[in-house]
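Data first, discussion second: the structure below is written as structure tokens.
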Amino acid sequence: MLFKTVFAAYLYLKFKHMVTAKEQLIKAEQIALNLFDDLVSLGYIRPGITEKELNTAIFELAKERYDIDKYWHKRIVRAGVNTLYPYDENPQDLTLQEDDILFLDFGPILEDWEADLGRTYVLGNDKMKLKLMRDVEDAWHKCKAYFNRHPSITGARYYEYVSAFAAAYNWEFGGSIAGHLIGHFPHEKLDTEDMTNYIHPENHVDMRAPDKYGNPRDWILEIHFVDRKLNIGGFFEQLLT
């Protein structure tokens, strides 16, 4: 009887942790979404502002409206040709132009829970840039649906699917990864030597395998499409699981 009681308590606490973690991650992402909506409605994204100036303005707005002042990874604002570059690069600061394309990639920490959100924006009416903005979002949802249909899939297999999916839209996949772990700050260290933390060709672990404490792991899916002839890229990222 004692064993059953202890085991029942263990299951209850484990389930409670799962629900709480999921709820907190969703809550953190929703606040990040609200911040991104504010940037558009308040006219922050406009020609004439540099990437660095926009980055600083977003940081100040996040602090003022949502009391966000911690980020678990560097804040990224990329415009024009800089949208070709993946996360690890640090290209020169550019100024947003008329009919430009840009993307934002922010990882705020909210009540010790991490969010990671990426969105593409287009200034003007350039048809290819608008198509790219729509395609990265559409591809994200289709890749998520694929993940949901496969209850057991390794990071390597999922990367293969996501990266190859770019060709369906006549783009090239621009990232060496297609996502990573997310969680309570600090989550499992994203050591570049440990590919099991990433959606990457060398991650042969089931993405739904539990962490070292037996808890479910949560993932971010990121889509980065590029066209190197047009010198443009688009990015869409948010919570996968």
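Annotations
- Residues of the stretch 171-216 that turn out to be assigned to a loop (DSSP other than H, G, I, E, B) and either modelled with pLDDT of 90 or more or among the hydrophobic types (A, V, I, L, M, F, W, C) (or both), as a count: 19
- Hits in the stretch 108-124 - residues which are more than 24 Å from Gly233 (Cβ to Cβ) and either of a type in the set (Phe, Trp, Tyr) or in contact with an Asp or Glu (Cβ under 8 Å, 6 or more places away or on another chain) (or both): Trp113
- In the stretch 48-131, counting only strands (runs of 3 or more DSSP E) that sit wholly within it, the ones holding 2 or more residues that are in contact (Cβ under 8 Å) with a residue 60 or more places away in the chain span 101-106, 117-122.
- Residue count, the stretch 204-241 (criterion: basic (Lys, Arg), free of Cβ contacts under 8 Å to residues at least 40 places away in the same chain and touching a strand residue (DSSP E or B) at 6+ places or on another chain (Cβ under 9 Å)): 1
- Of all residues in the stretch 85-136 being surrounded by fewer than 23 Cβ atoms within 10 Å (Cβ to Cβ) and of a type in the set (S, T, N, Q), the one that is modelled with the lowest pLDDT: Asn90
- Just one of (1) more than 30 Å from Ile101 (Cβ to Cβ); (2) modelled with pLDDT of 90 or more fails for Glu222. It is (1).
- Scanning the stretch 149-160 for residues that are in a helix (DSSP H, G or I) and out of contact with any Pro (no Cβ under 6 Å at 6 or more places or on another chain), we see that the one that is surrounded by the most Cβ atoms within 10 Å (Cβ to Cβ) is Gly155.
- Check on Ala8, under 30 Å from Asp99 (Cβ atoms) and either modelled with pLDDT under 90 or aliphatic (A, V, I, L, M) (or both): no
Every residue, every condition in (1) farther than 24 Å from Leu123 by Cα; (2) among the polar types (S, T, N, Q), yes or no:
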{"position": "Lys22", "(1), (2)": "yes, no"}
{"position": "Glu64", "(1), (2)": "yes, no"}
{"position": "Ile68", "(1), (2)": "yes, no"}
{"position": "Asn82", "(1), (2)": "no, yes"}
{"position": "Asp88", "(1), (2)": "yes, no"}
{"position": "Asp93", "(1), (2)": "no, no"}
{"position": "Pro108", "(1), (2)": "yes, no"}
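- Residue match in the stretch 136-148 (condition: part of a helix (DSSP H, G or I) and within 19 Å of Pro47 (Cα to Cα)): no
- Residue list for the stretch 69-84, filter: in contact with an Asp or Glu (Cβ under 8 Å, 6 or more places away or on another chain) and surrounded by fewer than 19 Cβ atoms within 10 Å (Cβ to Cβ): Trp72, His73, Arg75, Gly80
The values are calculated or read from the model by the stated rules, or taken from the named source; none is laboratory data. This one's a predicted model, so the numbers in the text were calculated from it and none came from an experiment. Here Cβ is always computed from backbone atoms with ideal geometry, including for glycine, and neighbour counts include all displayed protein chains.
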